[in-house]
Amino acid sequence: MCTELQGSRYQNNTFQAIRVSRSFSMAANVRSFEAIKKERFKDENCPTPTSEEQMKVEESVEQLFDLFSKIVEIDLDAPTLLRLHHATFLKKSLTYLPNAYQCLDASRPWLCYWILHSLELLDETLATEDISKIVQFLGKCQCPEGGFAGGPGQFPHLAPTYAAVNALCTLGTEEAYSIIDREQLQKFLWSVRSPDGAFMMHPGGEVDIRGVYCALAVARLVNIYTDALFDNSASWIISCQTYEGGFSGSPGMEAHGGYAFCGLAALSLLGKEQLCDMKSFLRWIVNRQMRFEGGFQGRTNKLVDGCYSFWQGGAFPLLHRILMQEDGNAVSMERWLFHQEALQEYVLICCQNSSGGLVDKPTKPRDIYHTCYTLSGLSVAQHFVHGKANIVGNRNNELALIHPVYNIGLEAALNALQYFQRLHIPQRQPS
Amino acid sequence: MAEAGSSSEELCDETNWVFYKYRVEWKDVTPVPQDDGPYPIVAIAYSEKFQDIYDYFRAVLKSCEKSERALQLTKDALDLNPANYTVWQYRREILKHLNKDLIPELHYVKEVIEDNPKNYQVWHHRRVIVEWLQDPSYELSFTKTVLSQDSKNYHAWQHRQWVIRTFKLFENELQYVDHLLEDDIRNNSAWNQRYFVINNTTGFKPDVVEQELAFTLEKIKKVTNNESAWNYLRGVLLHHSGGLSQVQNVRKVCEELYSSGNRSPLLLAFLVDICEENIERADGDKADSLHQAVQLCDMLANEYDTIRREYWNYIARSLTQRVNGSEEEASGSTKTDLNC
């Protein structure tokens, strides 16, 4: 940005001038609020529960956008990521959580991962002793039969297994890596696999596409992957692609953001991305970004939610890699195929709790899960390939880079992969 | 998951509650405290009631006790955290061991689902009970009730689909879907269910395709900006050998909408797909179809669907390259294609 424009920002404090100068410093994609207002939902005189709900959300979002357009006239750096507030909220949560979290007593490795990953995104470091304490706690969640449970003394389950491995790799110390019992983990994965290529979340548990993603992610990270373990998994995943183009939790069900991410990431981990209808997937996913709010919805005709900033937004780096191979010349060399600024605007303006932590949508209470996934999505929206940055608001809003397949820090992922690559792959024979 | 009280602890009258540690009939059991290790990490501030129940559950797990009292203990534990999959799994082991009558279990899990309709474990538990019973007779009515409160509940739909598929109960499902679509034409779960039923019954054979196209086009004419209907239209056309561009009534409706001034981004996007198909079939003038497609993409990128500007620009580039690229290849043999 040249000095003349710097000058005009300070001379003329109107929103107009800021918008003009901002459009020089950022891509022409920054949205003006007059333009955004035109994107309000129109129910064509046919109101239904869906349209009524949508309009309610847009109303509360519009109020925040309006408020923001006034704030930005005074605060040239807006919107600002409330780094200190979020970090404080997260650090406190790492030790003690209030009674309301009893409902997550079977998801404590998740709590560790969500907090640690969020802190990593915010470039917050932990003391060495604290790292060791967390490693030891996660060790207590590991089961003798392999895999990790939702808490000490509980049965192993693929979801806390994924979370624990991600948390340990985020911590990234030798102690963290070596707490994982790789041989037993591989046995556990065998114990939840079915012959059709799908995975149960736990022995005697439900089968859905999260299972195969969690299994693949941990298998690849800690280097226990074998072809035999994931035989038929690619075709099972493909059977979850719906007529809309996204992936469902299980064959026949509705396409859904969380499951879509799991499906695409799992195919990427298998190297079998080309098996799905990528054109159809791309069409579905770009249509999940809300034209007014800027954030993503999970399913067609449902409401925006901050967590889909990652589940939907995070699929774009994966898509980019795939399309580079298929359609290299047409692919952009500057941007993902979604509106990066609009997503950042939604997260920064509508999803931040002023006391720290982030939320699903305005009026919802903060929680650690939404904090993790809004920030993860924000990181994707801020960075193109090789970290080429596109930061909305204050330069200090910039977060750390993530590895889009695992959703841990890029550095953390590369370090873990490097560490475990050197180790021998257990070769458990199927019984 | 949000920071609001979610268990029934706060709501019911607690004055009658006796902690397990004070129960005479449990005197023989030594409670097992949770082994978090020496440091608090994501340490939840459990209520005394919660801690007491789970200390006893851990004890029962350790000793493998599968008695009536253990069964009741699991119920108490699940009341406090219905997401504890370990407790559900162990409860199932007790039920099997005691050879319990499963009909009361069905009623029990129904209540827990009503209080926790977005919980994975409760729906899975119900599915297992139904599997053991091999009796689906309550399931359609039950899921219908849950869906009447939240017509898009993913777990309810998933359970309903499993029941219908497993026990071949497709018969009245299309009628149910029609009813839901009358309530809310934008209910994407209902549209998905429509696809599911037809796919698994008649299949999308030609007369069914024709019928479904007519149905969907009628809905699109009424509410043009309804993505569910357009997605379903595409879904149906996947089964038509002619594809998007060949079906007369589809083209007609689109053209009518467009010439009446309708610029819905969904309509425009569909027109892009029609152009693309014309290009792929090498139908007539490829260059003209490309020109139209690119023009539509520009309209979408710059005016009607600006949130998806990057995507529309990519589609335009991709189509252009496909046509020009193929023309370069064919330049030796098909001179007519070069009239652009």
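The values are calculated or read from the model by the stated rules, or taken from the named source; none is laboratory data. On a predicted model such as this, the values are computed, not experimentally measured, just so you know. Heads up, the Cβs are rebuilt from the backbone with ideal geometry, glycines too, and the neighbour counts pull from every protein chain shown.
Among the residues of region B:129-144, is any within 11 Å of another protein chain (Cβ to nearest Cβ) and modelled with pLDDT of 95 or more? The answer is no, given that none of the residues of region B:129-144 is within 11 Å of another protein chain (Cβ to nearest Cβ) and modelled with pLDDT of 95 or more.
Every residue, every condition in (1) under 17 Å from the mean Cα position of the chain (by Cα); (2) in a helix (DSSP H, G or I); (3) not basic (Lys, Arg), yes or no:
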position: B:Thr86; (1), (2), (3): no, yes, yes
position: B:Trp132; (1), (2), (3): no, yes, yes
position: B:Asp135; (1), (2), (3): no, no, yes
position: B:Ala156; (1), (2), (3): yes, yes, yes
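Evaluate the following for A:Leu90: is it touching a residue at least 60 places away in the same chain (Cβ under 8 Å) and away from chain B (no Cβ under 12 Å)? Judged against the criteria, A:Leu90 is not a match. Mind listing just one residue for me: the one in region A:217-233 that is surrounded by fewer than 21 Cβ atoms within 10 Å (Cβ to Cβ) and of a type outside the set (Asp, Glu) and, of those, farthest from the chain's Cα centre (by Cα)? Only one residue fits best here, namely A:Ala228. In the set (1) in contact (Cβ under 8 Å) with a residue 40 or more places away in the chain; (2) more than 12 Å from every other protein chain (Cβ to nearest Cβ), the condition left unmet by B:Val253 is number (1). Within region A:135-156, being touching a helix residue (DSSP H, G or I) at 6+ places or on another chain (Cβ under 6 Å) and within 11 Å of another protein chain (Cβ to nearest Cβ) holds for A:Val135, A:Leu138, A:Cys141, A:Ala149, A:Gly150, A:Gly151, A:Pro152, A:Gly153, A:Gln154, A:Phe155, A:Pro156.
Out of all the residues in region A:237-248, which are surrounded by fewer than 24 Cβ atoms within 10 Å (Cβ to Cβ) and assigned to a helix (DSSP H, G or I)? Of everything in region A:237-248, just one residue is surrounded by fewer than 24 Cβ atoms within 10 Å (Cβ to Cβ) and assigned to a helix (DSSP H, G or I), namely A:Ile238. Considering (1) in contact (Cβ under 8 Å) with a residue 24 or more places away in the chain; (2) of a type in the set (A, V, I, L, M); (3) buried (at least 21 other Cβ atoms within 10 Å of the Cβ), the lone condition that B:Val177 does not fulfil carries the number (1).
Scanning region B:6-18 for any residue that is modelled with pLDDT of 95 or more, within 38 Å of the chain's Cα centre (by Cα) and either β-branched (Val, Ile, Thr) or not assigned by TED's automatic domain parsing to the domain that holds B:Gln89 (or both) turns up nothing. Please tell me if B:Val197 is touching a His at 6+ places or on another chain (Cβ under 9 Å), surrounded by 18 or more Cβ atoms within 10 Å (Cβ to Cβ) and assigned to a helix (DSSP H, G or I). Criteria not met by B:Val197.
Yes/no matrix, rows are residues, columns are (1) modelled with pLDDT under 95; (2) within 24 Å of B:Ile41 (Cα to Cα); (3) crowded, with 21+ Cβ neighbours inside 10 Å:
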| position | (1), (2), (3) |
| --- | --- |
| A:Ser51 | no, no, yes |
| A:Ser69 | yes, no, no |
| A:His86 | no, yes, yes |
| A:Leu90 | no, yes, yes |
| A:Ala100 | no, yes, no |
| A:Pro109 | no, yes, yes |
| A:Glu124 | no, yes, no |
| A:Ala127 | no, yes, no |
| A:Leu138 | no, yes, yes |
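Looking only at region A:198-216, decide whether some residue is in contact (Cβ under 8 Å) with a residue 60 or more places away in the chain and surrounded by fewer than 24 Cβ atoms within 10 Å (Cβ to Cβ). No, because not a single residue in region A:198-216 is in contact (Cβ under 8 Å) with a residue 60 or more places away in the chain and surrounded by fewer than 24 Cβ atoms within 10 Å (Cβ to Cβ). Scanning region A:152-191 for residues that are of a type in the set (A, V, I, L, M, F, W, C), farther than 17 Å from A:Asn223 by Cβ and not in a helix (DSSP H, G or I) yields one hit, A:Phe155.
Flag: A:Ser132 matches the condition of being surrounded by fewer than 22 Cβ atoms within 10 Å (Cβ to Cβ), more than 7 Å from chain B (Cβ to nearest Cβ), in a helix (DSSP H, G or I) and polar (S, T, N, Q).
Across region B:52-91, the qualifying residues are those that are at the interface with chain A (Cβ under 10 Å from one of its Cβ atoms) and among the polar types (S, T, N, Q), and the one among them that is surrounded by the most Cβ atoms within 10 Å (Cβ to Cβ) is B:Asn84.
Of all the criteria given as (1) assigned to a helix (DSSP H, G or I); (2) buried (at least 16 other Cβ atoms within 10 Å of the Cβ); (3) under 19 Å from the mean Cα position of the chain (by Cα), the one not satisfied by B:Leu213 is (3). Just one of the listed residues (B:Ile307, B:Ile315) is under 20 Å from A:Trp284 (Cβ atoms), without any contact (Cβ under 8 Å) to a residue 24 or more places away in the chain and buried (at least 23 other Cβ atoms within 10 Å of the Cβ), and it is B:Ile307. Just for region A:176-191: of the residues that are over 10 Å from A:Gly146 (Cβ atoms) and within 14 Å of chain B (Cβ to nearest Cβ), which one is surrounded by the fewest Cβ atoms within 10 Å (Cβ to Cβ)? If we take residues in region A:176-191 being over 10 Å from A:Gly146 (Cβ atoms) and within 14 Å of chain B (Cβ to nearest Cβ), then A:Ile179 is surrounded by the fewest Cβ atoms within 10 Å (Cβ to Cβ).
Name the one entry in B:Val32, B:Val60 that is assigned to a loop (DSSP other than H, G, I, E, B) and at pLDDT 95 or above. Going through B:Val32, B:Val60 in turn, just one is assigned to a loop (DSSP other than H, G, I, E, B) and at pLDDT 95 or above: B:Val32. Applying the condition of being more than 10 Å from chain A (Cβ to nearest Cβ) and polar (S, T, N, Q) to region B:16-50 and asking which residue is farthest from A:Gly150 (Cα to Cα) yields B:Asn16. B:Ser259 satisfies every condition listed in (1) within 25 Å of B:Arg160 (Cα to Cα); (2) away from chain A (no Cβ under 14 Å) except (1). The test for being under 20 Å from the mean Cα position of the chain (by Cα) and touching a residue at least 40 places away in the same chain (Cβ under 8 Å) does not hold for A:Phe292.
Residues that are part of a loop (DSSP other than H, G, I, E, B) and more than 14 Å from chain B (Cβ to nearest Cβ) were ranked within region A:192-214; the one that is nearest to A:Pro144 (Cα to Cα) is A:Ser194. Of the listed requirements (1) more than 9 Å from chain A (Cβ to nearest Cβ); (2) closer than 22 Å to B:Arg308 by Cβ; (3) assigned to a helix (DSSP H, G or I), B:Trp191 misses just one: (1).
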